[in-house]
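Here is the structure we will look at.
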Amino acid sequence: MAQHSRPPIVTILGHVDHGKTTLLDYIRKSSVAAKEHGGITQHIGAYQVEHDGKLITFIDTPGHAAFEKMRSRGAKVADIAVLVIAADDGVMPQTTEAIKHIKEAKIPLIVAVTKIDLPGVDLKVQLERIKKQLSDQEILIEEYGGDTPFIPVSAKTGEGIDKLLEMIEVVAELNEIKGDPNFPATGVVIESSLDKFRGAVATILVRTGTLKKGEQILVGGVKGKIRGMFDYSGKLVESAGPSTPVEVLGMEAVPAVGAVLGEEISKQARLDGHPELGSGSQSLVDKLRQGDVKILKIIIKADKQGSLEAIEDALEKFNQEIAVVDIVSGGMGDISESDIKLAFSVRAIVVGFNVKVAPAAEKLAEVEQVLVRVYNVIYELIEEIEDVVEGMLKVGQLEEVLGRAEIIAEFPFGKAEKIAGCRMLEGAIAKGHKLRVMRDSQILAEVKIKSLKKVKEEVNRVEKGSDCGIIFDPKVDFHIGDFVESFRVI
């Protein structure tokens, strides 16, 4: 079926107090498409605005934890990210964190510089400073020869807002954002709750296809029959097409934020890779042994810079022979909600030295089953990590990924087989390598290579940047968009 253009789905990210909420409030009040319904909106996690006759869908909680959850669970929700940076502050720690998430999500980026109307700000100097800071983060704006739009805006006067909305439409057009309303609906949960009058409620952002009242649905393993749907203005609707957020009634239980429409997830699968909060008597190594850890990702928080550096140096020694520890981030101060969100996103543990866990962070860690441990003696921290690493280094416990490719086409071969047309993204794939076929971060199958071709020639090895054709042994019911990893067990 033919693909149709659909409204772009936009997330707004950035550092705390840089004006994300104010910017969204201005856009909502000036452009929200709910005005024909009396302007009464309800909080369902997303809304649509109209600009020059075209719709744009915004995920309306800035820095939304759902963005990280959806990406970590293999669900792509946003098409475009707007990175908000305050003119007076420039790039800050959460700005850097947001850039990391945007890069990993592989979506286009637009930079919006807010608070340009603040008195006492030398705007020309500050804008140049921010451009330089962005280039240090490998974000090159258009006027520097890159492809990232850079737009100063004011959420007080409205300056630059129209230009921002226009740029979103341009980026959407350039990236050919498509969706077919004739397909069965696919989407992602961006809000969920248990209402004492209405039961389990889920806000589903439809990406493609059409969701209809009365349909039987499966969302992250939770079944339901849609007995009511409401748009962000509170209006009862019968159906929801591509890029439309709707509040859905009729679920048998509350699905998790980030759950995918049509996805079945067992309880054990939800727990894998997300050990529970380390507040009991079990050791760190015991808790990690409950999962299947290959690379130990760690977020470190310490009371002072010297402590942080000492811990980082000690942990880096584990990587002298082979990389088994990945320090995702390190910083000073108490463990915050932001640390837990990042840990959940990248499947890391959080360790602290002489710091506390903020109550909100502890609650979030329990909900998301992120392992958090706090120590008062550095050698105890190092010893427990060392025990984990030693366990990982036992024969058969550690994997090394050798190459990664995306399946971009499929071709029939013979009577019953098919060739996976692949584009190499990282490393290499060679005959003799073990392979696994992945979909939405789940392993479909582990296979061997029956045939490996580059153009029409049989080859023994392909590397990053090359296209190739692979016939799997045994056969796999792969789809375009699946990934292939080559790996070895150490």
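Rule-based calculations on the coordinates, nothing more; no lab input. Here the structure is a predicted model, which is why all the values come from computation and not from measurement. As a convention, Cβ positions derive from the backbone with ideal geometry for all residues, glycine included, and neighbour counts pool all protein chains shown.
Among all the aspartates and glutamates, which ones have a C-alpha under 13 Å from Lys115's C-alpha, if same-chain residues fewer than 8 places away are not counted?
Cα-Cα hits under 13 Å: Asp17, Asp88, Asp89, Glu159.
Listed highest first by mean packing, meaning other Cβ atoms within 10 Å per residue, what order do 173-185, 249-261, 45-57 come in?
The peptides rank, most packed first, as 249-261, 45-57, 173-185.
How much length is gained if the chain between Glu410 and Met332 is pulled fully straight, taking 0.36 nm per residue apart and subtracting their Cα-Cα distance, in nm to one decimal?
Value of the extension gain: 23.1 nm.
Would you grab the residues whose amide H sits under 5 Å from the one on Gly262? Only those 5+ places off in sequence or on another chain, please, with H modelled 1.01 Å from N.
Leu218, Val219, Gly220
Please list, in order along the range 345-360, the HN-Hα scalar couplings obtained from phi with the Karplus expression 6.51 cos²θ - 1.76 cosθ + 1.60 (θ = phi - 60°), rounded to whole Hz, x for Gly and Pro.
With coefficients 6.51, -1.76 and 1.60, one gets 4, 9, 6, 10, 9, 10, 10, x, 10, 6, 10, 10, 9, 4, x, 5 Hz.
Using θ = phi - 60° and the Karplus relation 6.51 cos²θ - 1.76 cosθ + 1.60, list the HN-Hα couplings for the range 430-445 in order, rounded to whole Hz, with x at every Gly or Pro.
Using θ = phi - 60°, the values come out as 9, 4, x, 6, 6, 10, 9, 9, 10, 9, 6, 6, 9, 7, 7, 6 Hz.
Taking the Cβ of each residue in Ser233, Ser239 as the centre, tally the other Cβ atoms inside 10 Å and list the residues starting with the fewest.
Least crowded to most crowded, the residues run Ser239, Ser233.
Apply 1/(1 + (r/R0)^6) to the Cβ-Cβ distance of Ser441 and Lys304, taking R0 = 41 Å, and write down the FRET efficiency to the nearest 0.05.
0.65
What chymotrypsin sites (Phe, Trp or Tyr not before Pro) does the range 116-202 have in DSSP loop regions with at most 14 other beta carbons within 10 Å?
Listed in order of number, the matching sites are Phe197.
Say each of Ser5 and Gln369 gets a label point 7 Å from the Cα, pointing the same way as Cα to Cβ; how far apart are those two points in nm?
4.3 nm
Could you pull out the pairs from Lys100/Lys304; Lys223/Lys363; Lys415/Lys464; Lys103/Lys163 whose alpha carbons sit more than 29 Å apart here?
Over 29 Å apart, Cα to Cα: Lys415/Lys464.
Computed FRET efficiency, Cβ-Cβ of Lys456 and Lys434, R0 25 Å: what is it to the nearest 0.05?
The computed FRET efficiency comes out at 0.45.
What FRET efficiency do you get for Tyr379 and Arg227 if R0 is 56 Å and r is their Cβ-Cβ distance, rounded to the nearest 0.05?
It comes to 0.45.
Whole-Hz ³J(HN,Hα) for each residue in the range 217-229, computed from phi via Karplus 6.51 cos²θ - 1.76 cosθ + 1.60 with θ = phi - 60°, x for glycine and proline: what do you get?
Per-residue couplings from phi come out as 10, 10, 10, x, x, 9, 8, x, 10, 5, 9, x, 9 Hz.
If you bin every alpha carbon distance in the range 399-489 into 5 Å steps from zero, what whole percent lands in each bin?
Binned Cα distances yield the sequence 3, 16, 29, 30, 17, 4, 1, 0.
Using only alpha-carbon positions, what ratio does the radius of gyration of the range 186-268 give when scaled by 2.2 N^0.38 Å?
Normalised by 2.2 N^0.38 Å, the Cα Rg of the range 186-268 equals 0.96.
Take Asp122 and Asp162, extend 7 Å from each Cα along the Cα→Cβ direction, and tell me the distance between the two endpoints in nm.
Computed distance between label sites Asp122 and Asp162 equals 3.2 nm.
Which of Cys422, Cys468 has the fewest other C-beta atoms within 10 Å, and how do the rest follow up to the most?
Going from least to most buried by this count: Cys468, Cys422.
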